[in-house]
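What follows draws every value from the coordinates through simple rules; no lab data is involved. Please read all numbers here as calculations on a predicted model, not as lab measurements. For neighbour counting, all protein chains shown are included, and Cβ atoms are generated from backbone atoms with ideal geometry for every residue, glycine included.
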Amino acid sequence: SAGDERVPSPRDPSPTPSKQSTDGCVPSSTTALILEKRPSNLPAKNPEEEQKHKQEYEEMVKAARKKELKDARARKKQMEQQWKQEEQLAQATRIWVSELLPCWEVARSQRRTRDLWWQGLPPSVRGRVWKLAIGNDLNITSELYEICASRSRKIWRSEAVPEEPSALHTREQSAHLIRLDVSRTFPQLGIFQESGPYFDVLHVILGAYVVYRPDIGYVQGMSFLAAMLLLNLEVADAFICFANLLNRPCQLAFFRVDQPQMTAYYTLYDDFFRENLPKLYAHFKKHNLTSDLYLVDWIYTLYSRSLPLDVACRVWDVFLRDGEEFLFRSALGILRLYEEVLLRLDFINLAQFLTKLPEDMSSDVLFDAIGAIRMTVNKRNFAQVLAKHRELAG
């Protein structure tokens, strides 16, 4: 009834207000009890105890205010850092769009361009720069892509049967691998999975490549490369870049599974590993962790599966500037960055760590580590060391 006293429920959002300190902090119920007198049925606090509790309360309030100020300063610093990054990004975008891209052939080799490129491409120009950096030595047209894509769709629907049984087997095998791989491509994004907007597009690009290069077919890892390009380019351009990317010497050696050439790249990498990180190299040797066990995935997917996506994009940026040398320099940069952690791990934990690298990795910190890697062995540069190992591989 109207005269009844209101009894707060356990979920009552507005309980009886507790005491508020003069500095504006609202003490928690436990803290507030320190200043309350004891109930009448209990002995009163002695002056020393009361003074002690009052002092404890004041220290708690002081600590809470100190934490609040520290958090506020951290938030302010974070926001200032974010504003600074956004301003730098906007400025870099303006330079790329108005000064560098319009005169690409001249600008691409200039020191200023290379320095800006090292810092990572702005997302709004990344696709355009990637397309220019990859080039189109194969002279693939968008019409050729449409022909390959159309033929691919027919094959997947079994509307056209290749004459050769071996070709049929290859394409059936490729179709099966593509289905498996597409669903596992960037699962955190949810756009390449069934019912996702890029599910069919990724299938078609990979199928079109199998039609274009039946001698190579589909190899696991290709879906990540095509997906990275699709995230930054239109479909036909993504296919053209994909085919040209796979035609580079290192990618061709791995996707053709040319064992002698793959071995040449592994031994080359070991030379630079031993030169740059001797202590870690010895540790890996001790635990029988050979380079191919982790390097193979990094090369097949160009780091897009093992690195956080934003970091992988920045690695791609400079890989497309510097070529295959940067793939191996990046690998050593990763090992340098986590050297102290890796030196404490055994074989199983080493393999697990290198398969899926930490999600909180900072691209700036990684690139500092990559920048510290020297790509010379006995006064020989990357190309000279590679030529030596290729010659030995036969």
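Criterion first (part of a helix (DSSP H, G or I), over 21 Å from residue 266 (Cα atoms) and charged (D, E, K, R)) does residue 360 satisfy it? No, not satisfied. Residues being part of a loop (DSSP other than H, G, I, E, B) and touching a helix residue (DSSP H, G or I) at 6+ places or on another chain (Cβ under 7 Å): count how many of those fall in the range 192-236. Counting residues in the range 192-236 that are part of a loop (DSSP other than H, G, I, E, B) and touching a helix residue (DSSP H, G or I) at 6+ places or on another chain (Cβ under 7 Å) gives 12. Summed over the range 311-369, residues that are of a type in the set (Ser, Thr, Tyr) and loosely packed, with under 14 Cβ neighbours inside 10 Å total 2.
Number of residues in the range 272-299 that are assigned to a loop (DSSP other than H, G, I, E, B) and over 23 Å from residue 388 (Cβ atoms): the value is 3.
Let's see how each residue does on (1) under 30 Å from residue 203 (Cβ atoms); (2) touching a residue at least 40 places away in the same chain (Cβ under 8 Å); (3) basic (Lys, Arg):
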residue	(1), (2), (3)
102	no, no, no
133	yes, yes, no
138	yes, yes, no
150	yes, no, no
157	yes, no, yes
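Answer yes if at least one residue in the range 260-268 is part of a helix (DSSP H, G or I) and in contact with a strand residue (DSSP E or B) (Cβ under 7 Å, 6 or more places away or on another chain), and no otherwise. No, every residue in the range 260-268 fails to be part of a helix (DSSP H, G or I) and in contact with a strand residue (DSSP E or B) (Cβ under 7 Å, 6 or more places away or on another chain). Quick check: is even one residue across the range 239-249 buried (at least 17 other Cβ atoms within 10 Å of the Cβ) and without any contact (Cβ under 8 Å) to a residue 40 or more places away in the chain? Checked the range 239-249: at least one residue is buried (at least 17 other Cβ atoms within 10 Å of the Cβ) and without any contact (Cβ under 8 Å) to a residue 40 or more places away in the chain.
Taking residues in the range 351-362 that are in contact (Cβ under 8 Å) with a residue 24 or more places away in the chain, and partners anywhere that are assigned to a loop (DSSP other than H, G, I, E, B) and among the polar types (S, T, N, Q), the pairs with Cβ atoms closer than 8 Å and at least 6 places apart or on different chains are 354/306; 355/306; 356/306; 357/306.
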